[in-house]
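Q: Okay, handing you the structure first.
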Amino acid sequence: MRTLSERILGAAAGDYVDVQVDRAYVHDGTGVLTLEAWKEMGCPGPAFPERLYILFDHIVPANNSTTAFLQKELRDFARSHGIHFSDIGGGVCHQLMGEGEVIPGEVVVGADSHTCTLGAFGAFATGVGATDMAAIWASGSTWFRVPETIGIRLSGTLSYPVEAKDLALTVISQLGMEGASYQALEYVGDGTKSLSMEGRLTISNLSTEAGAKTGLFYADDVTCQYLLQFGHPVESQVPEDCSYGKELTIDLSDLVPVVAVPPRVDSARPVESLEGLPLDQVFVGTCTNGRFEDLQRFASIVRGKKVNVRTIVIPSSAEVLRKAADTGVLSTIIASGCTIGTPGCGPCLGAHMGVIGEGEVCLSTANRNFTNRMGIGGSVYLASVATAAASALTGVLTVPEVHHAH
């Protein structure tokens with residue numbers, strides 16, 4: 001019996017396969033490098049431009065003349081070859097691909113390590129380097145070694161204020177930052193049923209932080225209902241009775257709000273154990289936690305109150321921003337004293353729109369807290385949206401209160 005990765009790639013773990021790529025995308029950062037490699041190959045044009053995407057999200061709007069010029073080159077390339085293109089303010093590449101582009105069973109590659117986010121749809125989604133991506137532009141295909149799979153068996157349900165982010169950080173801490181190197185994480189068990197699509201995207205997103213090739217959920221009713229909104233009637237994927245190289249078993253009802261202590265993602269500790277840590281900035285957003293469900297949860301906690309530390313909230317896409325505006329979520333967040341940024345990655349990668357200074361501490365809903373990640377000499381603690389909202393109100397690391405549930 002086969003794992004989901006083996007089913008999609010059509011071979012057993014350890015085998016090498018050549019596969020057609022269903023969707024391939026780059027952002028403004030890796031797109032520049034891919035275009036360089038592409039030019040060196042001297043190809044006349046992309047093999048399957050309709051399968052390619054160039055999505056601007058990393059340094060948007062451009063922060064200087066060099067960035068602006070490089071973005072212009074990519075824009076021109078996308079237009080001249082008929083490639084799907086999203087300009088500044090469209091949103092984070094992984095989020096945009098998750099808004100009705102990717103469907104179950106597809107092979108999806110992105111020139112970014114968090115492409116594994118899209119495994120939440122039951123697709124084989126993984127990151128590749130710029131040279132590999134240039135070759136995919138040229139041929140429409142690539143090769144993989146089919147990964148071994150770690151099964152993560154979930155039972156129970158999450159109870160507020162614990163959220164999918166707390167589960168993801170807990171899993172990474174149990175596996176360790178290299179504990180799943182070149183393996184797939186496959187989330188199974190009754191506990192998966194209660195997880196929203198947005199929660200699953202968060203969990204799959206963090207798979208790469210344990211060194212995993214991808215992180216997958218089987219498409220089920222939740223997946224089918226979500227994709228139907230985008231006009232995709234899809235079928236569920238029924239798990240086969242396969243054996244995993246390793247298994248983790250987690251009862252969702254046992255989890256507590258956690259925080260990952262810099263400079264490692266696999267360092268989750270209960271928020272309670274660090275309560276009172278002074279903060280200089282709170283950042284809510286990114287491909288991990290900038291979705292509508294996240295902004296809605298944040299708004300429900302800060303409603304009618306004022307934040308006590310500078311707080312930046314960045315929706316992960318234009319669609320998320322629009323929905324937040326239409327539902328009043330955005331005005332609630334603004335009224336609490338938060339700053340709203342252009343949909344995209346924001347300060348996550350330390351480029352602009354909220355980079356921190358030496359000695360400053362940021363509580364972030366992003367996925368990485370490495371040394372100098374969000375600014376030279378600053379420290380980044382990773383936590384859930386509920387923890388970020390509760391902490392923004394106090395100005396120090398704070399355990400979210402149960403009675404804030406909406």
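Q: Along each of the three principal axes of the Cα atoms of region 77-222, give the extent in whole Å, ordering the values from largest to smallest.
A: Taking the Cα atoms of region 77-222, the three principal extents are 51, 32, 24 Å.
Q: Another one. Could you compute the longest span of the chain free of chymotrypsin sites (Phe, Trp or Tyr not before Pro) located in DSSP loops and having at most 15 other Cβ atoms within 10 Å, not counting the site residues?
A: Longest stretch, sites excluded: 1-181.
Q: Leaving out same-chain residues fewer than 8 places away, which aspartates and glutamates sit with a Cα under 13 Å from that of Lys39?
A: Within reach: Glu73.
Q: If R0 is 35 Å, what FRET efficiency do you get for Glu272 and Asp18 from their C-beta distance, rounded to 0.05?
A: According to the calculation, E is roughly 0.10.
Q: May I ask you to evaluate 6.51 cos²θ - 1.76 cosθ + 1.60, the Karplus curve with θ = phi - 60°, for each residue of region 282-288 and list the ³J(HN,Hα) values in order in whole Hz, giving x for glycine and proline?
A: 10, 10, 10, x, 6, 5, 8
Q: Moving on to the next point. At 37 °C and 0.692 mPa s, what whole-number value in µm²/s does Stokes-Einstein give for the translational diffusion of region 162-279, with Rh from the Kirkwood sum over Cα pairs?
A: Reported coefficient: 212 µm²/s.
Q: Pulled fully out, how much extra length does the chain show between Asp132 and Asp190, if you take 0.36 nm times their separation in residues and subtract their Cα-Cα distance?
A: That pair, Asp132 and Asp190, stretches by 17.1 nm at full extension.
Q: Another question, if that's okay. Dipole magnitude of region 1-255 about its Cα centre, charges +1 at Lys/Arg Cβ and -1 at Asp/Glu Cβ only, in debye to the nearest 20?
A: Rounded to the nearest 20 debye, it is 380 debye.
Q: Using +1 at the C-beta of Lys and Arg and -1 at the C-beta of Asp and Glu, which of Gly395, Ile312, Thr365 has the Cα lying farthest in the positive direction of the dipole of region 260-404?
A: Final value for the positive-end residue is Ile312.
Q: Once label points are set 7 Å from the Cα along Cα→Cβ at both Ser155 and Asp221, what is their separation, rounded to one decimal in nm?
A: So the label points at Ser155 and Asp221 sit 2.1 nm apart.
Q: If you take the square roots of the eigenvalues of the alpha-carbon gyration tensor of region 260-404 and sort them as a ≥ b ≥ c, do you get rounded (a/c under 1.5), prolate (a/b over b/c) or oblate?
A: Judged from the Cα gyration tensor, region 260-404 comes out oblate (a/c at least 1.5, b/c at or above a/b).
Q: Let me ask you something else. Tell me the trypsin sites (Lys or Arg not before Pro) within region 279-332 that lie in a loop according to DSSP and have at most 12 other beta-carbon atoms within 10 Å.
A: Hits after loop and neighbour filter: Lys306.
Q: For the ranges 255-261, 337-343, what's the packing order if you count other beta-carbon atoms within 10 Å of each residue, average per peptide, and put the highest first?
A: 255-261, 337-343
Q: Now a separate question. Would you mind finding the longest exposed-site-free stretch of the chain, with exposed GluC sites (Glu not before Pro) meaning DSSP loop and at most 15 other Cβ atoms within 10 Å?
A: That would be 1-177.
Q: I need to check one value: relative contact order of the chain, counting alpha carbon pairs closer than 8 Å and at least 6 residues apart, in percent.
A: Answer for the chain is 18 percent.
Q: Still on this structure, please answer the following. Going through the cross-link list Lys165/Lys323; Lys165/Lys306; Lys193/Lys306; Lys165/Lys246, which pairs have a Cα-Cα distance over 30 Å in this structure?
A: Cα-Cα > 30 Å for Lys193/Lys306; rest within.
Read the figures in this text as sums done on the coordinates, not as results from a lab. Please read these numbers as outputs of a predicted model, since none were measured by experiment. Quick reminder, even Gly has a Cβ in these numbers, built from the backbone with ideal geometry, and neighbours come from all protein chains shown.
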